[in-house]
Amino acid sequence: MERSVSAARQASTLGLTPAPLWHSPEMSAVVFDRLPEAWHTARMDDLRKRDVLESVIAAKSALHGSRPLGETWTVFDRIRVVEKALADAGIAEVAADGWWMRECVGDIEAAIIATGFDEKPAHADGLASNIMIAPDGRVQLVDFDEARNVDPFYDIGILLNEAFQFDSEMQPALEIFEGQFRQTSLNRCRLYAIADDLFWGMWGMLMDRVSPRGGIEFLKYAQWRLLRCRMALRNPRFEFMLRTL
């Protein structure tokens, strides 16, 4: 929690999130400034609106340009952590083709390492529900549990994976982000999204086994993320994206 509160405090100084007003590490509790009632939680269709998308990307870019956060990771690091946790929980495999998905994502990691990447402070959360929208179109990022220093294209890639299905829909967003569309950037975003789907699919399978919160459909969530990962890996363009980062 210390890490997420620190990240939220930094983002709040940039006007990107409500300010943390009180924090108790002992109680694992934090109180944030309250947004007005008229603000609403974003939905995926909100992210498809040009003005909202521009505001969200501007907010994320502003955080990328701020000082580094206290922790750095990649989605591949997180996959290794959850893989160990699955083994400790006695879960040998998350799916019959789980080994194949991990091998393919290993190829993605190798390709990204070979081409290099930046590490910037980031929200690192692609969920529409962790974005708040004002009646006048202003946005705020909320929930900084995932915030760390990451490749900015991971931050943007998981956002696009949440909002869009097709490359043609993602291209304008990357033009907003970089000032121009580059196929290599789209490929990097797409590949990060595949790895992110694998991570959350594995995480969901783990939570289905170990979480006491039995009312949450962790298994359903995991199966959806693993299905989307599998579909992307079976896309004939996958090998092309690996070669053109």
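The values are calculated or read from the model by the stated rules, or taken from the named source; none is laboratory data. Keep in mind that what you see is a predicted model, and the values were worked out from it rather than measured. Positions of Cβ are backbone-derived with ideal geometry, glycine not excepted, and every protein chain shown enters the neighbour counts. Remember, those area values only see protein heavy atoms, side chains included, never the ligands or the DNA or RNA. Shrake-Rupley method; radii C 1.70, N 1.55, O 1.52, S 1.80 Å.
Considered as a group, the residues in segment 66-86 that are free of Cβ contacts under 8 Å to residues at least 40 places away in the same chain and open to solvent by 90 Å² or more (accessible area, probe 1.4 Å) include one that is farthest from the chain's Cα centre (by Cα), and that residue is Lys84. All told, Lys60 meets the bar of being basic (Lys, Arg), open to solvent by less than 10 Å² (accessible area, probe 1.4 Å) and in contact (Cβ under 8 Å) with a residue 12 or more places away in the chain.
Note on segment 193-245: residues that are at pLDDT below 95, closer than 22 Å to Gly90 by Cα and among the aliphatic types (A, V, I, L, M) amount to 1. Against the conditions (1) assigned to a loop (DSSP other than H, G, I, E, B); (2) more than 21 Å from the chain's Cα centre (by Cα), Val31 satisfies every one except (1).
Applying the criterion of being in a helix (DSSP H, G or I) and among the acidic types (Asp, Glu) to the residues of segment 183-222, the residue that is farthest from Lys49 (Cα to Cα) is Asp208. Checked against (1) open to solvent by 80 Å² or more (accessible area, probe 1.4 Å); (2) without any contact (Cβ under 8 Å) to a residue 60 or more places away in the chain, Ser211 meets all criteria but (1).
Checking each residue in segment 217-237 for being surrounded by fewer than 18 Cβ atoms within 10 Å (Cβ to Cβ), closer than 26 Å to Met205 by Cβ and of a type outside the set (Asp, Glu) picks out Leu219, Lys220, Tyr221, Gln223, Trp224, Leu227, Met231, Arg234, Asn235.
Looking for something closer than 23 Å to Asp118 by Cα and touching a Lys or Arg at 6+ places or on another chain (Cβ under 7 Å) - is there at least one such residue anywhere in segment 203-225?
No, segment 203-225 has no match at all.
Just a yes or no: is a residue in segment 95-108 within 18 Å of the chain's Cα centre (by Cα) and either open to solvent by less than 20 Å² (accessible area, probe 1.4 Å) or aromatic (Phe, Trp, Tyr) (or both)? Yes: segment 95-108 contains one or more residues that are within 18 Å of the chain's Cα centre (by Cα) and either open to solvent by less than 20 Å² (accessible area, probe 1.4 Å) or aromatic (Phe, Trp, Tyr) (or both).
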